[in-house]
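Below you'll find the structure, written out as structure tokens, and then a few comments.
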């Protein structure tokens, strides 16, 4: 009997949970019709390589296809690729495309298109840059096959090509992929399951997609972003409704079919409506972040950052920000909980306000107000800012809560200067699981100093471990590295997690086949 | 009349120039950076700098202003920083819904408010006058978003006779067009209905005390004729002023109504663009709306002259 490893058990559990929980999925689905979706944001930027915005990523999944894709159990599966080979030392890779792949302009997808698309993606995406730095040569072999020759080992070749979240390595025609990565592509021509109806696009109002009749789905059952991408509806419209009360009323009245992100204070009302289903599509959800500025006092001192760690109690934050325990959980793992590959509790402390107070004092904190950025128009950043301000006062800090809108916060957090020059000490944000679950993609654990993500922690050991992680082909050793990074993170405190939460979707009962994944996927759905 | 119109149109040019420069200056002094928003959450500082350079936002402010004014002078309002679509196309998509909403709202306001105001003045101190004034005060006091949701709850969710949200152009058929506009137009019109009714009442009351009205009654004219042909015409100047101002305010007031009813109008375009610091779109919309305001003032002045030929400019 083959022993079941913990990872296999978790993966299997997640798969089973997905299958069982996916109530709306049925086998006989109706063809045709219009699916009306209220997206979580307005689509203003079309190029999914140019921006990391989630709404543009979701649009990318509609229009473009990927070489590999992550399934619901977080395993990478072939998507446009039919077969691939790797040399025994994993330095030479070849990929052959499956038959029938065609762009929306009627041209076949070629190996040349794939090479050009990977290069453009690799110029923008963090994991892509690491992959490109390891590649010696990447070129087409024939019309359907291309090869990658690595100069040094890279353990995440398939994971990179199947990266599920921003930036996703979508495949575009070579003529579009030749666009400077710092400029937007001028056309939306992909080979994905939907065509973009450019003439009907009204930013701030409506985005229209038409079923791509030429799309050839894979044979496997749909799972996450992998498997068959079957399109049942003729037309799909994103209707942007900025007001949550209006969106809720529109869903109840049957004017829209699916609301991507139901605010948690609206969920109880919709749950009571017998004509609606409130359903969590991203079961792992998001991780809340408290990010200190490592360049400015007091958080340029490790003890002050450790004070934040001992000060924060996830339950306090989650009760305030999310409220309903059905939609949150506390999680000690830096790389998230719930069937994630690097889930671990090593190094996680418990809240100890007395110790936090002591650590802040030892850090040499001089009593100057700590500037907490507070974007009042974003509930998942505003509420934790208020909790942090309250807790900081409890450990003896003076606090300056700077109220602003989200756009101002985004601009201000890029300021590395001192407080007198528009600087900051703490801001809050959150990140979806797909952008947190491995050391390769988790932006907040990086230690590249001024080149790191906003907050700019410096830690050469972590940077070396992350480089080792992406080059390491052995999953067991990758897990060890992830645990080492977690231990360092709980000592150096690049950020503090304020907990894990999910945001449900709501849809009408006639909507069937909604897939569970960390990004919103709108194929396989019938109405 | 024609020299007046020509003079006013010429005077528009420097006004628009000042508006353009003021909006440009204020907008660029506001905190926020579109490059940061475009780059996304995981962009590095270097990515942001590259995008800023691509958008020309790293140039001195005066150079940016000069480039923008030069393109405006050529009739080019630029392109959206985000979508890359021409600002004129974005405005063109949004003019129809806002124009339809404001026109219907004003039609409802004037059609109901002027007779109500005249009636209140005619029956001053009666229960009818009090009822109309209570209605007016309520109209002023009710927040637009609250009234909007109340109407949605009653007519769309409970009764199911009207849609919750959205806009259908006239090409979709007059019935669909009106069905989608009636709730937002009623919501938007209520405050102006109250304003116009109160103004009409006050104005007609003032005129009713004039000697020539007493003379008209003494001549034996029917009360209706005295009221409509003599009193209302003389009382109409302040009412026309308030209607003109109301039109201008409606365009601004439409922002909330457009959000509540998800109508893709100019108000929402402006708010979205401000939130994202989409400078060319905000500048373009403000310029166009300023032009509309100037035009409305011109129309009001012309109507003054028509109503009272003694007026000279």
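The values are calculated or read from the model by the stated rules, or taken from the named source; none is laboratory data. The structure displayed is predicted, hence computed values, not measured ones. Cβ placement follows ideal geometry from the backbone for every residue including glycine, while neighbour counts extend to all protein chains displayed.
When region A:32-47 is examined, which residues are found to be more than 22 Å from residue A:232 (Cα to Cα) and within 10 Å of chain B (Cβ to nearest Cβ)? Can you show your working first?
Taking region A:32-47 and keeping what is more than 22 Å from residue A:232 (Cα to Cα), we get A:40-47.
Across region A:32-47, the qualifying residues are A:42, A:43, A:44, A:45, A:46, A:47.
If I go through region B:71-91 residue by residue, how many of them are at pLDDT 90 or above and assigned to a helix (DSSP H, G or I)?
Final tally of qualifying residues: 5.
Check residue A:410 against each of (1) touching a residue at least 60 places away in the same chain (Cβ under 8 Å); (2) surrounded by 22 or more Cβ atoms within 10 Å (Cβ to Cβ) and name the one condition it does not meet.
All conditions pass for residue A:410, except number (1).
Mind checking whether some residue in region A:307-329 is modelled with pLDDT of 95 or more and more than 22 Å from residue A:431 (Cα to Cα)?
yes
Does any residue of region A:178-190 turn out to be more than 26 Å from residue A:478 (Cβ to Cβ) and buried (at least 24 other Cβ atoms within 10 Å of the Cβ)?
Here is the first cut: in region A:178-190, the residues more than 26 Å from residue A:478 (Cβ to Cβ) are A:178-190.
Pick out the ones that are also buried (at least 24 other Cβ atoms within 10 Å of the Cβ) and you get A:190.
Taking every residue of region A:178-190 in turn, at least one turns out to be more than 26 Å from residue A:478 (Cβ to Cβ) and buried (at least 24 other Cβ atoms within 10 Å of the Cβ).
Would you tally the residues in region A:396-438 being closer than 30 Å to residue A:167 by Cα, part of a strand (DSSP E or B) and away from chain B (no Cβ under 12 Å)?
2
I'd like to check something: does region B:92-103 contain any residue that is within 8 Å of chain A (Cβ to nearest Cβ), assigned to a loop (DSSP other than H, G, I, E, B) and closer than 20 Å to residue B:272 by Cα?
no
Any idea how many residues of region A:383-404 are in contact (Cβ under 8 Å) with a residue 12 or more places away in the chain and more than 18 Å from residue A:306 (Cβ to Cβ)?
Adding up the residues that qualify gives 13.
Consider region A:172-213. How many of its residues are touching a strand residue (DSSP E or B) at 6+ places or on another chain (Cβ under 6 Å), away from chain B (no Cβ under 14 Å) and either at pLDDT below 95 or not in a loop (DSSP other than H, G, I, E, B) (or both)?
Going through region A:172-213 one residue at a time, the tally reaches 4.
Tell me, please, whether a residue that is touching a strand residue (DSSP E or B) at 6+ places or on another chain (Cβ under 9 Å), within 24 Å of residue A:314 (Cα to Cα) and modelled with pLDDT of 90 or more can be found in region A:416-423.
If we filter region A:416-423 for residues that are touching a strand residue (DSSP E or B) at 6+ places or on another chain (Cβ under 9 Å), which is where we start, we get A:419, A:423.
Checking which are within 24 Å of residue A:314 (Cα to Cα) leaves us with none.
No - not one qualifying residue is present in region A:416-423.
Consider residue B:111 carefully, then state whether it is within 24 Å of the chain's Cα centre (by Cα), surrounded by fewer than 17 Cβ atoms within 10 Å (Cβ to Cβ) and more than 11 Å from every other protein chain (Cβ to nearest Cβ).
The answer is yes for residue B:111.
What's the number of the only condition in (1) within 12 Å of another protein chain (Cβ to nearest Cβ); (2) in a helix (DSSP H, G or I); (3) more than 29 Å from residue A:360 (Cα to Cα) that residue A:441 fails to meet?
Result: residue A:441 fails condition (2) only.
Does region A:234-252 contain any residue that is modelled with pLDDT of 95 or more, assigned to a loop (DSSP other than H, G, I, E, B) and either surrounded by fewer than 18 Cβ atoms within 10 Å (Cβ to Cβ) or within 14 Å of another protein chain (Cβ to nearest Cβ) (or both)?
Within region A:234-252 (the criterion being modelled with pLDDT of 95 or more, assigned to a loop (DSSP other than H, G, I, E, B) and either surrounded by fewer than 18 Cβ atoms within 10 Å (Cβ to Cβ) or within 14 Å of another protein chain (Cβ to nearest Cβ) (or both)), the answer is yes, since at least one residue qualifies.
Residues are listed down the side, and each one gets a yes or a no for (1) in contact with a helix residue (DSSP H, G or I) (Cβ under 8 Å, 6 or more places away or on another chain); (2) surrounded by fewer than 23 Cβ atoms within 10 Å (Cβ to Cβ):
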residue	(1), (2)
A:307	yes, no
A:341	yes, yes
A:348	yes, yes
A:354	no, yes
A:357	yes, yes
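Can you tell me which residue within region B:136-159, out of those that are under 20 Å from the mean Cα position of the chain (by Cα) and within 11 Å of chain A (Cβ to nearest Cβ), is surrounded by the most Cβ atoms within 10 Å (Cβ to Cβ)?
B:148
(1) free of Cβ contacts under 8 Å to residues at least 40 places away in the same chain; (2) under 15 Å from residue B:108 (Cβ atoms): which one isn't true of residue B:192, the others all being true?
Answer for residue B:192: the failing condition is (1).
Note down all Cβ pairs under 6 Å where the first residue falls in region A:452-477 and is more than 25 Å from residue A:496 (Cα to Cα), the second is surrounded by fewer than 20 Cβ atoms within 10 Å (Cβ to Cβ), and they're at least six residues apart or on different chains.
Listed pairs, sorted by first residue: A:471/A:153; A:473/A:90.
Each row is one residue, and each column tells you yes or no for (1) at pLDDT below 95; (2) in contact with a strand residue (DSSP E or B) (Cβ under 8 Å, 6 or more places away or on another chain); (3) not assigned by TED's automatic domain parsing to the domain that holds residue A:156.
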residue: A:452; (1), (2), (3): yes, yes, yes
residue: A:462; (1), (2), (3): no, no, yes
residue: A:472; (1), (2), (3): yes, no, yes
residue: A:482; (1), (2), (3): no, no, yes
residue: A:488; (1), (2), (3): no, no, yes
residue: A:492; (1), (2), (3): no, no, yes
residue: A:496; (1), (2), (3): no, yes, yes
residue: A:511; (1), (2), (3): no, yes, no
residue: A:525; (1), (2), (3): no, yes, yes
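Which one of A:97, A:130 is crowded, with 17+ Cβ neighbours inside 10 Å and within 26 Å of the chain's Cα centre (by Cα)?
Values: A:97 fails: within 26 Å of the chain's Cα centre (by Cα).
Just a single option satisfies the conditions, and that option is A:130.
Which condition number in (1) modelled with pLDDT of 95 or more; (2) over 14 Å from residue A:84 (Cβ atoms) is the one that residue A:129 fails?
Of the numbered conditions (1) modelled with pLDDT of 95 or more; (2) over 14 Å from residue A:84 (Cβ atoms), the odd one out for residue A:129 is (1).
For the structure I just gave you, tell me whether residue B:99 is surrounded by fewer than 17 Cβ atoms within 10 Å (Cβ to Cβ), farther than 18 Å from residue B:35 by Cα and modelled with pLDDT of 90 or more. Explain how you work it out, then say what you get.
Details: surrounded by fewer than 17 Cβ atoms within 10 Å (Cβ to Cβ): yes; farther than 18 Å from residue B:35 by Cα: yes; modelled with pLDDT of 90 or more: yes.
So residue B:99 passes the test.
Please go through (1) closer than 30 Å to residue A:32 by Cα; (2) in contact with a strand residue (DSSP E or B) (Cβ under 7 Å, 6 or more places away or on another chain); (3) within 14 Å of chain B (Cβ to nearest Cβ) for residue A:291 and return the number of the only condition it doesn't satisfy.
Unmet for residue A:291, out of (1) closer than 30 Å to residue A:32 by Cα; (2) in contact with a strand residue (DSSP E or B) (Cβ under 7 Å, 6 or more places away or on another chain); (3) within 14 Å of chain B (Cβ to nearest Cβ): (1).
What's the total number of residues in region B:270-313 that are surrounded by 17 or more Cβ atoms within 10 Å (Cβ to Cβ) and not in a helix (DSSP H, G or I)?
Matching residues across region B:270-313 total 2.
Listed here are the residues, each with its yes/no results for (1) surrounded by fewer than 23 Cβ atoms within 10 Å (Cβ to Cβ); (2) farther than 30 Å from residue A:348 by Cα.
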position: A:482; (1), (2): no, no
position: A:487; (1), (2): yes, no
position: A:490; (1), (2): yes, no
position: A:496; (1), (2): no, no
position: A:504; (1), (2): no, no
position: A:511; (1), (2): yes, yes
position: A:526; (1), (2): yes, yes
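Look at region B:34-58 and say how many of its residues are touching a residue at least 24 places away in the same chain (Cβ under 8 Å), facing chain A (nearest Cβ under 7 Å) and outside any helix (DSSP H, G or I). Walk me through how you get there before you give the answer.
Residues of region B:34-58 that are touching a residue at least 24 places away in the same chain (Cβ under 8 Å), as a first pass: B:34, B:37-38, B:55, B:57.
Going one step further and asking which of them are facing chain A (nearest Cβ under 7 Å), we end up with B:37-38.
Those left that are additionally outside any helix (DSSP H, G or I): none.
Residues in region B:34-58 being touching a residue at least 24 places away in the same chain (Cβ under 8 Å), facing chain A (nearest Cβ under 7 Å) and outside any helix (DSSP H, G or I): 0 in total.
Take the residues in region B:243-255 that are buried (at least 20 other Cβ atoms within 10 Å of the Cβ) and farther than 16 Å from residue B:100 by Cβ, then tell me which one is farthest from the other protein chains (Cβ to nearest Cβ).
Result: B:243.
Can you name every residue in region A:146-158 that is farther than 24 Å from residue A:102 by Cα and outside any loop (DSSP other than H, G, I, E, B)? Break it down stepwise before answering.
Narrowing region A:146-158 to residues farther than 24 Å from residue A:102 by Cα: A:149-157.
Those that are farther than 24 Å from residue A:102 by Cα and outside any loop (DSSP other than H, G, I, E, B): A:149, A:150, A:157.
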